[in-house]
Amino acid sequence: MRHFPIFLELQGRSVLVVGAGEIATRKAEPLRMAGAVVIQRARFSPADLEGVALAVGADAPEEDLLALSLSARSRGIPVNIVDRPELCSFITPAIIDRAPMTIAISSGGAAPILARLIRARIEALIPPAYGRLAALADRFKSRIRTALPDLVQRRRVLERLFTGHAADLVFAGQEEEAARLFEQALDNAPEKQGMVFLVGAGPGAADLMTLRAQRLLGEADVIVHDRLIGEAVLDLARRDAHRIYVGKVRAHHCVLQEDINDLLVSLARDGKKVVRLKGGDPFVFGRGGEEAEALHAAGVAFEVVPGVTAALACAAQARIPLTHRATTRAVTFVTGHTKEGRLDLEFEPLVKLHGTIAVYMGIVSLPQLRDGLFANGLDRTTPAMLIERGGSHRQRELRGTLDELAAAAPGWTQNGPTLVMIGHAVARGIALQERSFIDTIPPQASV
Ligand code: SAH
C-alpha cells in the first residue's frame, strides 16, 4: 500500500484553494460538499495559510505552486498540487458519494484512469439508494447497540436488514415501512444460530468464484480454509473475520479430517456463520462429502456452494474442449491418489469410454496410471497434457504422450497443483489454438 487512506473531518474548517481555472474550481466543489469553508485565491500568498486545515493548488503560476507546496509542508498543513505528485503530501481519490456512505478509490497515482474506471463499475453496482439505507441505519444505531449488545447477533440482524426486505423497501422509496422492520428487529432478536457453508473457491482467481461464494465470504464470521486458497480469494473476506488454516500438504496431513469436522460443528454451535472454503468444487475430491455428513449427523444447518473445479478451469484456459461432438462423448474425473502405494482405479471401463480423462492428484502416480491404461487397451499415442496451476495467470502446460509425460514430469513440475488430462480432446485443444489463437498463446514447453 503506497498511501494510507483516511476520511478527514472538514466541517466548518478553512481550506485554501490556489488557482482560478476550471480545475481549481472543480477541486473546490467536493471540499464544499464536505462542509469546508473554501478560500479560493488566484495567486498564493503565505498569509492565506493562516488557520487552514488543508491546501490545494491548480492552474496557478509555477512559482506559486512551488511556494504553496513548500510553505504548507513546513507548517504541517496537508497539501495537494494537482497532477504534481512530487509536490503533494496527500493525494485525492476518485469518490463515490452515497452520503453518509463514501467510497474512495486510489491507484496511488499509478493509474488514475484505472481508478476512475473502477469507480464507474462500483457506481453501477451500488445504487444511490444505498445512501438512504445507511442513513436509516444511522437513525437506529444507538438503539440497536443497546438492544443487541452481542456483536455476532447484532451483525446478523443488521445483515438481514441490509440484504433483505427492509433494503428492498428503502430502494423502493418506502423508508417508513423499512423503519418499521428495523423496529421489529429490535423487539425480537433472533436466536444465535450458526450455520456452515461448504464453499467452492474455484481454481484461485477471485473472479472465477460464484457471486454467492463472494457474498458469503464477505459475511462470514469465521473462514476455515485449505492450502490451495490464494490471497486474492481470501482478500474478499471481511477484515475482521477469523481465518483458520487447516491445509494439507501432500502426505503431511497437518490437521486430521475428523478434527476439521469437529471444528466446523463446534463453531456453528457457537453461533458463528462459518465458511468452509475449499479449492475448486467442495464435492470434487475435496472431502466435502465427509464434512457434510459430519454436519448432518451433528444437526448443524449447512449449505453447499459449488465452485469451478480444476478440470474445468484447466480445460478452459488451455482451450481443450472436454467433450466434442465429433470425437469425445464423455468426460471422467478420477483421482490418482494411491492407497498403500496402489492406484485403486477401474481402468478397463475408463478406456472403453473413449472420453476425456481428467486425473486429479495424478502426478506422483503417473507411471502407474500410464501402465494401467496401456495394459487395458489405451492407444500409446493418445494425446495428453499436464496442466499446473490451472485457471491462474501462472498456468503451465506440457503436452505429450503418457510415456513422454511420465518421463518428463519429475523435472517439469514446480510444486503447484497439477492435473493430468488424457484423450483426443487434448489434441482438439491444440488444433484450436493453432488455427485461431496461435498469436496469443505463449510458446509452450515441449518434451
Ligand atoms: N476440490 C478440488 C480438487 C481437490 S484435490 C477441485 O474441485 O478442483 C487436489 C488436486 O486437484 C490437485 O492435486 C490437482 O490435481 C488438482 N488441482 C486443484 N487445483 C488445481 C489447479 N489450479 N490446477 C491444476 N490442478 C489443480
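Confirm whether Ala34 is assigned by TED's automatic domain parsing to the domain that holds Glu22 and open to solvent by 20 Å² or more (accessible area, probe 1.4 Å).
When the stated conditions are applied, Ala34 passes them.
For the range 2-68, which fully contained strands (runs of 3 or more DSSP E) count at least 1 residues that are within 21 Å of Pro112 (Cα to Cα)?
Output list reads 52-57.
Please verify whether the range 289-298 includes one or more residues that are under 30 Å from Leu386 (Cβ atoms), in contact with a Leu (Cβ under 7 Å, 6 or more places away or on another chain) and assigned to a loop (DSSP other than H, G, I, E, B). Walk me through how you get there before you give the answer.
Applying the first criterion (under 30 Å from Leu386 (Cβ atoms)) to the range 289-298 yields 289-291.
So of that shortlist, the ones also in contact with a Leu (Cβ under 7 Å, 6 or more places away or on another chain) come out as 291.
Next, from what is left, pick out any that are assigned to a loop (DSSP other than H, G, I, E, B): none.
Within the range 289-298 (the criterion being under 30 Å from Leu386 (Cβ atoms), in contact with a Leu (Cβ under 7 Å, 6 or more places away or on another chain) and assigned to a loop (DSSP other than H, G, I, E, B)), the answer is no, since none of the residues qualifies.
Take Val300 and tell me if it is in contact with a strand residue (DSSP E or B) (Cβ under 7 Å, 6 or more places away or on another chain) and not assigned by TED's automatic domain parsing to the domain that holds Arg156. Steps first, please.
Values: in contact with a strand residue (DSSP E or B) (Cβ under 7 Å, 6 or more places away or on another chain): yes; not assigned by TED's automatic domain parsing to the domain that holds Arg156: yes.
Yes.
Looking only at residues that are at pLDDT below 95 and open to solvent by less than 30 Å² (accessible area, probe 1.4 Å) in the range 410-422, which one is farthest from the ligand (Cβ to nearest atom)?
Selected residue: Trp412.
Of all residues in the range 299-331, which are away from the ligand (no atom under 11 Å from the Cβ) and open to solvent by less than 30 Å² (accessible area, probe 1.4 Å)?
The answer is Val300, Val305, Ile320, Leu322, Thr328, Ala330.
Going through Gly391, Gly362 one at a time, which residue ends up being within 11 Å of the ligand (Cβ to nearest atom) and under 16 Å from Thr335 (Cβ atoms)?
Numbers: Gly391 fails: under 16 Å from Thr335 (Cβ atoms).
Of the residues listed, the single one that is within 11 Å of the ligand (Cβ to nearest atom) and under 16 Å from Thr335 (Cβ atoms) is Gly362.
So, of the residues in the range 63-95 that are at pLDDT 95 or above and out of contact with any strand residue (DSSP E or B) (no Cβ under 8 Å at 6 or more places or on another chain), which turns out to be surrounded by the fewest Cβ atoms within 10 Å (Cβ to Cβ)?
Result: Gly76.
Does Glu340 satisfy the criteria of being free of Cβ contacts under 8 Å to residues at least 40 places away in the same chain and either surrounded by fewer than 19 Cβ atoms within 10 Å (Cβ to Cβ) or more than 9 Å from the ligand (Cβ to nearest atom) (or both)?
Details: free of Cβ contacts under 8 Å to residues at least 40 places away in the same chain: yes; either surrounded by fewer than 19 Cβ atoms within 10 Å (Cβ to Cβ) or more than 9 Å from the ligand (Cβ to nearest atom) (or both): yes.
Here the answer is yes, as Glu340 does meet what is asked.
What is the one condition in (1) assigned to a helix (DSSP H, G or I); (2) in contact with a helix residue (DSSP H, G or I) (Cβ under 8 Å, 6 or more places away or on another chain); (3) without any contact (Cβ under 8 Å) to a residue 12 or more places away in the chain that Ala124 does not satisfy?
Status for Ala124: all satisfied but (2).
Show the residue pairs meeting these rules: Cβ distance below 8 Å; 6+ apart or different chains; first residue within the range 199-219 and surrounded by fewer than 24 Cβ atoms within 10 Å (Cβ to Cβ); second residue among the hydroxyl-bearing types (Ser, Thr, Tyr).
Listed pairs, sorted by first residue: Ala205/Ser392.
Yes or no: Gly289 within 16 Å of the ligand (Cβ to nearest atom) and surrounded by fewer than 19 Cβ atoms within 10 Å (Cβ to Cβ)?
yes
What pairs can you find where one residue is in the range 355-369 and touching a residue at least 40 places away in the same chain (Cβ under 8 Å) and open to solvent by 30 Å² or more (accessible area, probe 1.4 Å), the other is assigned to a strand (DSSP E or B) and within 9 Å of the ligand (Cβ to nearest atom), and their Cβ atoms are less than 6 Å apart, with a gap of 6+ or different chains?
Here the result reads Met361/Thr335; Ile363/Thr418, each pair linking the range 355-369 to a residue that is assigned to a strand (DSSP E or B) and within 9 Å of the ligand (Cβ to nearest atom).
Can you give me the ranges of the helices (runs of 4 or more DSSP H) entirely in the range 343-437 with at least 3 residues that are touching a helix residue (DSSP H, G or I) at 6+ places or on another chain (Cβ under 6 Å)?
Hits in the range 343-437: 366-375, 402-412.
Do you know which of the residues in the range 225-276 that are open to solvent by 90 Å² or more (accessible area, probe 1.4 Å) and in a helix (DSSP H, G or I) is modelled with the highest pLDDT?
Only one residue fits best here, namely Asp262.
Are there any pairs with C-beta distances below 7 angstrom linking a residue in the range 28-57 that is closer than 12 Å to Ser71 by Cα to a residue that is surrounded by fewer than 14 Cβ atoms within 10 Å (Cβ to Cβ), with the two at least 6 apart or on different chains, and if so which?
Leu49/Arg75
Taking the stated definitions as given, is Arg155 open to solvent by 30 Å² or more (accessible area, probe 1.4 Å), touching a residue at least 60 places away in the same chain (Cβ under 8 Å) and not assigned by TED's automatic domain parsing to the domain that holds Asn261?
When the stated conditions are applied, Arg155 passes them.
Give just the number: which of (1) of a type in the set (A, V, I, L, M, F, W, C); (2) part of a helix (DSSP H, G or I); (3) within 25 Å of Asn376 (Cα to Cα) does Phe285 not satisfy?
(2)
The values are calculated or read from the model by the stated rules, or taken from the named source; none is laboratory data. These figures come from a predicted structure and were not determined experimentally. Note that we place each Cβ from the backbone using ideal geometry, even for glycine, and neighbour counts take in every protein chain shown. When the accessible area is computed, the model is the full protein with side chains, heavy atoms only, and any ligands, DNA or RNA have been set aside. Shrake-Rupley method; radii C 1.70, N 1.55, O 1.52, S 1.80 Å.
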